[in-house]
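Beneath this line is the structure, given in structure tokens, with notes to follow.
The values are calculated or read from the model by the stated rules, or taken from the named source; none is laboratory data. The structure displayed is predicted, hence computed values, not measured ones. Here the Cβ positions follow ideal geometry from the backbone for every residue, glycine too, while neighbour counts run over all protein chains shown.
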Amino acid sequence: MTWSRVIALMAATSLGLLTATTLVPWSRVGLPSCHPPSRTAATPVLLTIEDLAGDPWPWPRLDLTLALRAISPYRPHPVGILLPLDAPDVFEPVQDDQLSRALGAFDSPVLPAVTLPPFPQTQKFTLPEIPHQGSIQTLRSADSFLAPHERLRKNAAVAAWKVTPEADGMLNRLPLVFQQQGMVIPSWLLIMYAQEMEADLSRSELRGRKLILRDSQNQDIQTIPLDLRGSIPIDWSRPEPPPTKMEIRGVVLAAEQERIGVRPYYDLSTLSKRPVILSGALPEVDPAIDSPWGKSTLSEAVVRAWQGLVRGPRPVLHPPGWLILTVFFSGASLGLYRSRPWRNSLVECWILAGAVYGLGWLAAKFGGYSGALPLAVGAAIATFLAPPFASWLEKSDVR
């Protein structure tokens, strides 16, 4: 009889675990977001180069220079360029110096260094680190970079940036931190977000799988849960209104129209003290990605992730393995020690599922943990199936 109960316990636990595994895509259903930051943050404005689509790549950097000069009187902050600028301008190298001087008009503009596998000719960088506690071996590695051209790095900050869509083409998460030679380094997105929140990354900390942003006074601004790779999810669950977008040449035209007193093509005053991202939005430099709402771009995915951080990041941490097994074993054990009609047993199973989901809801709210629904349903399945399995093994000829 003892062996029958042990086998029934293992079988019910396994089926509960299998059910929970199939429900992993719904692990955030009904869960609240984590706490939003203690400070407000504006949504970035996208300055795209879609109006340069007829020109061959790489486009002359004069267009970027003119756009930066056009928006500099409105003091946008922070400013980031989400374009590959690793090679010198092949048409007019002097434009690199002009672009560098245009970048110098802003406070620490951020350029991306695309991370690559180590190649002999790839330039290596040591970037500012974020203090950390715990293992960082599972974080995405960034040991070598295809960095921006050296002339452009003089007046800008350089941050690691590597984005990998899923096998089906969907982009579900964006990196916030990387690991490099035993250190934690911030991504392009994190540096931009930290500048907007006035966070000091040297005083911030990665504690386990939670990134704690602090200001220069060592006051906590926000706690952001990360996955094992150091990324945050992109919220594709709602059809967000499109972000504010302006085209580069339209921005230059608007600045000239304002200078001569003509109604401008764009209202550039909306850029005042707002984050600005100069992005591609074209297949040559910003490949289209799939989303539940059709084709999108990497820059729009960045804006969605940014908005998710401002609202309060979604829970992304998964419960530890020992906790998952404990819940299923406990549910199956409780089921073995009752002998009631199956209707009453079904009610008890759903009560247990409700208790597990409630605890998971609290863990999501205060700890950033997901998986409440898979755990609750799996525990209910294990609790309900354990007694029939044990009864069948004890009464049948199979022992």
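Numbers below:
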| item | result |
| --- | --- |
| Residue selected from the stretch 209-247 under the condition at pLDDT 90 or above and of a type in the set (D, E), by the criterion farthest from R274 (Cα to Cα) | D220 |
| Options L206, L190: the member that is assigned to a strand (DSSP E or B) and within 18 Å of P36 (Cα to Cα) | L206 |
| Checklist (1) in the same structural domain as L213 (by TED's automatic domain parsing); (2) among the aliphatic types (A, V, I, L, M); (3) surrounded by fewer than 24 Cβ atoms within 10 Å (Cβ to Cβ) applied to V302, failing item | (3) |
| Looking only at the stretch 284-316, and only at residues there that are under 17 Å from K245 (Cβ atoms) and in a loop (DSSP other than H, G, I, E, B), the one that is modelled with the highest pLDDT | T297 |
| Residue that is surrounded by fewer than 17 Cβ atoms within 10 Å (Cβ to Cβ), without any contact (Cβ under 8 Å) to a residue 60 or more places away in the chain and not in a loop (DSSP other than H, G, I, E, B), where the choices are R263, R259 | R259 |
| Qualifying residue in the stretch 236-252 (condition: farther than 21 Å from E300 by Cα and in contact with a helix residue (DSSP H, G or I) (Cβ under 8 Å, 6 or more places away or on another chain)) | yes |
| Single unsatisfied condition, P148 versus (1) in a loop (DSSP other than H, G, I, E, B); (2) surrounded by 20 or more Cβ atoms within 10 Å (Cβ to Cβ); (3) without any contact (Cβ under 8 Å) to a residue 60 or more places away in the chain | (3) |
| Residue that is farthest from the chain's Cα centre (by Cα), among those in the stretch 207-253 that are surrounded by 15 or more Cβ atoms within 10 Å (Cβ to Cβ) and without any contact (Cβ under 8 Å) to a residue 24 or more places away in the chain | L253 |
| Check on S72, assigned to a helix (DSSP H, G or I), at pLDDT 75 or above and either out of contact with any Cys (no Cβ under 7 Å at 6 or more places or on another chain) or outside the structural domain of L190 (by TED's automatic domain parsing) (or both) | yes |
| Answer residue from the stretch 86-138, given it is aliphatic (A, V, I, L, M) and part of a loop (DSSP other than H, G, I, E, B) and is modelled with the lowest pLDDT among those | L116 |
| Filtered residues of the stretch 209-237 (kept if part of a loop (DSSP other than H, G, I, E, B) and within 24 Å of T164 (Cβ to Cβ)) | R209, L226, D227, L228, R229, G230, I234, D235, W236, S237 |
